[in-house]
Structures are given as C-alpha cells and as structure tokens.
Amino acid sequence: MNILVTGGAGYIGSHTCVALLEAGHQVTVIDNLCNSNADVLTRVQALTGRSLRFVHGDIRSRDDLARAFAGGIGAVIHFAALKAVGESCAQPLAYFDNNISGTIMLMQAMQAAGVERLVFSSSATVYGQPDHVPVKEDAPLRVTNPYGRTKLVMEDLIRDWCASRPELSAVLLRYFNPVGAHPSGQIGEDPRGIPNNLMPYIAQVASGQRERLHVFGNDYPTPDGTGIRDYLHVMDLADAHVKALDYATTHTGCEAFNLGTGQGHSVLELVRAFEHASGRKIPCTITQRRPGDVAEIWANPARAMQVLGWAAQYDLAAMCADTWRWQRDNPTGYA
Ligand code: NAD
Ligand code: WQD
C-alpha cells in the first residue's frame, strides 16, 4: 500500500517510515520541515535500501495536499503537529491553526481522494493528571495546556468524521514518553535549541553540550521523590504504527490505544541507566518542580496487545544505549 506520512521527516515519523518501508509499503512523506531536516529522509532511504516520495509542503495547504495525494494513497499516518507544551501556552493560536486546522484540511483531502484509513498521533497528555495509574483508555480525558487541548480536539474531530460514514477507519495512538533512536545510530531525535524533554537533555549533558541536568523536583510522592513516566523506545512505537495500519485496513470505526511499556521509571532511574549506557557522569542539580508536571503516569497497554497484537520489546537499557549511540555519532544532529 502507498502510505502518506504527514510529518514523516520528524522524530517519530522518520522511524515509522523505516518500519513501513521494511514492511514492504510504499511511502509518501509530506512535511514542511518546520521542525526537521530533509537529510533524515536520505538516511531513511540509505538504511532501508528503498526510495520514498517527498512532498515539501504544509498540511494546511490544499495545493500541497493535492500534490501529496496525487500518487494514489491507500492510508494516512498523521504525525505533523507542533508539540512543545510551553510554546503552546505562549502561542495557543499557532497551535490551534497548525494542529487543528491542519487536521481538518487533511481529512477534507482524504475525503476528496477517497482515502478511508487514518492512523493518528495522539498523546498521553490527553489524560492530564490521572486519578489512577496505570492509565487505561477509558480514563477521564482532561487536558492541562493548549497543546494537549489540540490533541483532544483532533481526537474528537476524527471520531466524529469516522462516525459519519461506515467505511471509515481511524486508530488513535496515545503515546506515553517516546525516547531512543534507530539502533544504527543513523536517525534519532534532533531537538532545536534547548531540549524540553528529559532524554535528549540528558544525552546532551553526556556529550558535554550542556553542563548539568536540572531535575524538576525531588519532593513528589514517589519512591525517590522524582517524577515517574512510561518511557517507550521509538522503534517499538514505529512497529505499533505498522500494526495499527494493518488493523485500520481490516476494521472500520474509531479506536484509541495506549502505547507504553506499562512500567514507570523515575528521573533519577533514567539518569542512572544513561550513565551506565554511556559510561559518562550526568551531573544533576535539584530545582523547583516544573509547572504543570504530574507526579507519576504510566500506561496500561493491555488493549494494544489484545487488539493490535503489539507489545513493547525494548527495555530502558536499550533506550539509553540507542539514544547515546545517536548522540555520540551525531553531536549536532542532522546539521
Ligand atoms: P517532530 O516535531 O519531530 O515531527 C513533526 C513533524 O511534522 C516535523 O517534521 C515538522 O516539520 C512537521 N510538521 C509540523 N507541522 C506541519 C505542517 N503544518 N505541515 C507539514 N508538516 C508539519 O515531532 P515528533 O516527536 O516526531 O512527534 C510526532 C507526533 O507525535 C506529533 O503529532 C506529536 O504531537 C506526537 N507526540 C509526540 C510525543 C513526543 O514526546 N515526541 C509524544 C506524544 C505524541
Ligand atoms: C519527563 C520527566 C520532568 C526535563 C512531555 C509532554 C507530553 C508528551 C511527552 C507530546 C518529568 C522531568 C524533564 C528536564 C526534568 N509529548 N524533567 N528535567 O513532561 O512527561 O511529557 O513529552 O505529546 O505531552 O508533556 O516529558 O521528558 O519533558 O519529562 O527533571 O530537564 O522528566 O519533570 O518528570 P513529559 P519530559
């Protein structure tokens, strides 16, 4: 099948392109490169020995979407979005426009092209502060920032669109904390500026680009006082998209799935695992809690196992080893 991957030059999209090409699919990527570099697609093709079609364009442009759909598309995997929580609080309208308007334009283009299957990048952010952990898909949805709001709205819009015609199929994938890189060290996460997320920040401390990690609070009600998250290897995530696509091809309707390992790890556990993987010391300073952070959240991923036949395979040691290989071999990312 020819799969249109929006945001395919990004971190998760690029790893998913590798998995799709290795599974025998054809791939068309549309990306405006607002948070990525086209060089990644050269590396994806070199890694897989297969070529893909790249449309340098914006999902909010009807013309760009028409170019992307022109090749004959069987299904869409929709990654393209802005994703920085802090930035979304400062510029909510940019997030509403890019993420929500972009998704509406994409669904219109799908309808015009007669494409009936969609896999969507949602996020554990839709659960906000959960009442219980591990979190199941039927937990209350309550977002705490404009980025999260866009994910919740996009989920609702896709669900409503799906309900409008019986032949439509959508899979909403709620990722917990994606980390890691392709084991080759050829592709990985390349954040612009100071990383917002823990793993890329630690990796830059290990490589000497940043002096020390600021641990955002050690007074949470957790065993070591630091925040607990469900870190998930991006290779497992890529594999989940191939399985979700298979599911969307054989089922109709709209379904949501948690994607996580089902295990929580604290900030300090991640620091220790990274020190072990890299052989480097990660100097840490405890600072104030980061506003909006929850103490602990991890997934109950049972539904993805039961329905999609997917379960995470990589452990924390592999997540750190693969992140380190990418960081060590590409200290300036794709630049
Ligand atoms: P990323 O920024 O690396 O990738 C997103 C890609 O989309 C980028 O290449 C960017 O240039 C492109 N893009 C953005 N707006 C576009 C537009 N209007 N038109 C065309 N291209 C556009 O981010 P990622 O980490 O790979 O995340 C992919 C998806 O997964 C996003 O939807 C994100 O919200 C979601 N997600 C990410 C995480 C995470 O921690 N990385 C967690 C949960 C959900
Ligand atoms: C993890 C832990 C921090 C940085 C975010 C988004 C979420 C989703 C995934 C897209 C927390 C601590 C972090 C640092 C630290 N993205 N930390 N020092 O906040 O769980 O989730 O990314 O959908 O929506 O909110 O991930 O990696 O930022 O933080 O101590 O410099 O690391 O307090 O406990 P988070 P994170």
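Summary of values
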read-out: Residues Arg192 and Leu93, FRET efficiency given R0 of 22 Å [Cβ-Cβ distance, rounded to 0.05]; value: 0.60
read-out: For the stretch 1-61: relative contact order, % (alpha-carbon pairs under 8 angstrom, 6 or more apart); value: 38
read-out: Shape of the stretch 1-77, Cα gyration tensor, a/c cut at 1.5; value: oblate
read-out: 22 Å Cα-Cα reach of Lys83 towards lysines, excluding residues that sit fewer than 8 places from it in its own chain; value: Lys151
read-out: Anisotropy class of the chain from Cα gyration tensor, a/c 1.5 cut; value: prolate
read-out: Long-range HN-HN contacts of Leu232 with modeled amide H, under 5 Å; value: Asn177, Val179
read-out: Fewest-first sequence of His265, His132, His241, His276 by Cβ atoms within 10 Å of each Cβ; value: His132, His276, His265, His241
read-out: Distant-in-sequence amide H partners of Ile286 (H built 1.01 Å from N, under 5 Å); value: Val215
read-out: The chain: DSSP helices with Cα axial extent of at least 15 Å and average Kyte-Doolittle hydropathy no lower than -0.5; value: 11-22, 102-113, 146-163, 234-250, 267-278
read-out: Cut-off under 5 Å, modelled amide H: who pairs with Ala170 long-range; value: Leu118, Gly253, Cys254, Glu255
read-out: Assigned charges on the beta-carbon of Lys, Arg, Asp, Glu; the stretch 12-153 dipole about Cα centre (debye); value: 80
read-out: Relative exposure of Lys136, Lys243, judged by other C-beta atoms within 10 Å (fewest first); value: Lys136, Lys243
read-out: Selected from Pro134, Gly262, Thr48, residue furthest toward positive end of dipole (the chain; charges at beta carbon); value: Thr48
read-out: Per-residue ³J(HN,Hα) for the stretch 184-196, Karplus 6.51 cos²θ - 1.76 cosθ + 1.60, θ = phi - 60°, Hz, x for Gly and Pro; value: 6, x, 8, 10, x, 7, 10, x, 8, x, 6, x, 7
read-out: Gyration tensor verdict on the stretch 201-301 (Cα atoms; rounded if a/c is under 1.5, prolate if a/b is larger than b/c, oblate otherwise); value: prolate
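All of the numbers you see were taken from the coordinates with simple rules; none came from a lab. Treat the numbers as computed from the prediction; the structure is a model and nothing was measured. Neighbour counts are summed over all protein chains in view; Cβ atoms, including those assigned to glycine, are modelled from backbone coordinates with ideal geometry.
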